[in-house]
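Laboratory data are not the source of any read-out in this text; all were calculated from the coordinates shown. It should be emphasised that the depicted structure is a prediction, and the values quoted were computed from it without experimental measurement. No Cβ is skipped: glycine too gets one built from the backbone with ideal geometry, and neighbour counts run over all protein chains shown.
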Amino acid sequence: MSRHFYVFRSHWLVPAPVPIVFDALAKLDEYPHWWRQVRSTRAIDEQTCEIEVRSSLPYSLFMTAHHSRRDPEAGVLEARLTGDLEGHSRWTLAPSPDGTGTSLHFGEEVEVRRRLLRTLSFARPAFRVNHAVMMRAGERGLRRHLKAG
């Protein structure tokens, strides 16, 4: 496997019903309203969005996300990613074990395509920490967003 390939996994618990959480996650162009590391988005069509993300490290990543699967009944959202990161991401939603909200599993498998970041492969641990920081902030932001209604 390439040293530029990453597999990320996250698990969130959100105190809101699955359909409401699914709806929020399906609206890629609205992520900047609740996820501060998603700096900007530009909808291309209903399925595709250009995204700029920046977490703790001093650079932004630019990519295009295209919904490749959007299945509210199964609680699955998948997107194909192209740009600085190429690969796919997947949200899987289900009622939380205690029945009070939604359990979200996020998976992402991507290859870094941006030349500068490919030369910094020695910084792999920092990239992983950066991603973890971004995901924790996303969970907090989604909770606040859904609470505000």
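Quick notes
- Test: residue in the range 137-149 that is surrounded by fewer than 17 Cβ atoms within 10 Å (Cβ to Cβ), not in a helix (DSSP H, G or I) and not aliphatic (A, V, I, L, M): yes
- Leading residue by the ranking (nearest to Ala16 (Cα to Cα)) among those in the range 78-95 that are touching a Lys or Arg at 6+ places or on another chain (Cβ under 6 Å) and part of a strand (DSSP E or B): Glu78
- Positions within the range 96-128 being of a type in the set (Phe, Trp, Tyr) and either loosely packed, with under 12 Cβ neighbours inside 10 Å or assigned to a loop (DSSP other than H, G, I, E, B) (or both), in sequence order: Phe122
- Filtered residues of the range 24-37 (kept if out of contact with any Leu (no Cβ under 9 Å at 6 or more places or on another chain) and in contact (Cβ under 8 Å) with a residue 12 or more places away in the chain): Leu28, Asp29, His33, Arg36, Gln37
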